[in-house]
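The block underneath contains the structure these notes are about, expressed in structure tokens.
The values are calculated or read from the model by the stated rules, or taken from the named source; none is laboratory data. Nothing here was measured: the structure is a model prediction, and the numbers come from that model. A quick note on method: Cβ atoms are made from the backbone with ideal geometry, for glycine too, and the neighbour counts reach across all protein chains shown.
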């Protein structure tokens, strides 16, 4: 199958921009601007400040994952690499650029790509699981489908069971090694060393220590959702803490769909629709979306870019074979 051309990829990703334009044409922008003018500046400053502890907690989680792979990376280096990875993630579809953290480790002589990749993937998967879990809880909260409560409980239970049994199966029976051997047979020998390191690293992470990583994840998201609640407070948004957290979780997941740039349009449409289910006006929801973008895209991007530009060595690309 032929890969879509660059022109087609940009055409697909323009869908979100078109959706954003439609939203802007249908919402009272003057009312939204008045709400933004009347927001509490101290609350906005506090929301921006909370970027630092939020990312610091995620960096602690990643450092713990690396430690289980015997990768030595100091706390300041972990934080620098994490922020720099966020910067690249903000400009790539689905934030896939955050995987660049593995490239940084290789460039600084700390680990090969194959050895570091399990920690980077586990770090990303933990974030996604937390968002999916909260999004599922939102189904009965907003009554988005018939029997939403039962569906949510069933899916959450199945997710937990599948993850637990899957990890136990992979750890106990060396299935990762079997899968790795099959893949190795189809790849050039150049990749075999990286693949072996990836398999060994993945097995090393499947331990009860993952519970500690889950703890760091929950702590990081607690700070993040406090931040989103403060953004809502700054605008006087008539929504409680859990409503804002659930709406934002779903909007982030939808924003990962690669049909836009940095979630523009798709995230805003979800925010307006779900906040509308909670009795929040479209103008207030758009004001929240704009302030959210200011804090978690613009300000986060500026802070992350500083870490990126001051790295001793910047990645030239993602074609490294990890050896």
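Numbers at a glance
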item: Failed condition for residue 89, given (1) modelled with pLDDT of 85 or more; (2) surrounded by 17 or more Cβ atoms within 10 Å (Cβ to Cβ); result: (1)
item: Residues that are surrounded by fewer than 22 Cβ atoms within 10 Å (Cβ to Cβ), assigned to a helix (DSSP H, G or I) and either in contact with a helix residue (DSSP H, G or I) (Cβ under 9 Å, 6 or more places away or on another chain) or modelled with pLDDT of 85 or more (or both), drawn from the range 107-119; result: 113
